[in-house]
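What follows is a set of notes on a single structure, which appears directly below.
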């Protein structure tokens with residue numbers, strides 16, 4: 001399993017998760033160890049973090065961490081289609097990794113890193129800029145799935 005981040009200016013860090021990610025790994029390793037340093041160096045002062053409603057993301061541990069570190073979260077209804085644009089990047093990455101046909105874990109890790117860093121900035125911009133349209137489509141569909 002891999003966690004990754006991106007913004008309008010391109011792909012950001014990835015983090016390989018060994019085993020099963022729980023709230024402790026999410027907060028202590030990913031948020032504290034990857035997201036915070038990345039945001040401090042590469043993100044503007046006024047940025048919004050989007051994640052889904054996975055229990056580890058909404059745990060009290062995570063909520064406290066986000067509050068303590070003054071991370072603005074995109075408010076997301078509990079029952080909604082998954083419009084997180086990173087899902088589009090995961091599909092793009094999967095296609096690229098399949099083309100490389102890795103035959104072992106080392107090659108798979110290399111393919112993932114290579115594919116992630118080769119995602120064009122324009123693709124990231126397109127996805128970030130699509131958020132108002134994505135949200136409007138969900139509102140028009142009264143919460144039902146959309147083309148996104």
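What follows is calculated from the coordinates using simple rules that are stated; it is not laboratory data. A quick note: this is a predicted structure, and the numbers were derived from the prediction, not measured. Every residue, glycine as well, gets a Cβ built from its backbone with ideal geometry; the counts of neighbours run over all protein chains shown.
Structure notes:
- The alpha carbon centroids of segment 86-148 and segment 28-48 are separated by 20 Å.
- Rounded FRET efficiency, nearest 0.05, which uses the C-beta distance separating residue 98 from residue 52 and R0 of 22 Å: 0.35
- Net lengthening on full extension, residue 69/residue 20 (0.36 nm per residue, minus Cα-Cα): 15.2 nm
- Relative to the globular-protein estimate of 2.2 N^0.38 Å, the Cα radius of gyration of segment 62-148 stands at 1.38.
- FRET efficiency, 1/(1 + (r/R0)^6) with R0 30 Å, evaluated for residue 28 and residue 129 via beta carbons: 0.35
- Bins of 10 Å from zero: percent of alpha-carbon pairs in segment 1-129: 11, 40, 38, 10, 0
- Nitroxide proxy distance, nm - points 7 Å out along Cα→Cβ at residue 41 and residue 142: 4.9 nm
- Taking every C-alpha pair closer than 8 Å and separated by at least 6 residues, the mean separation divided by the residue count of segment 2-140 gives a relative contact order of 33 percent.
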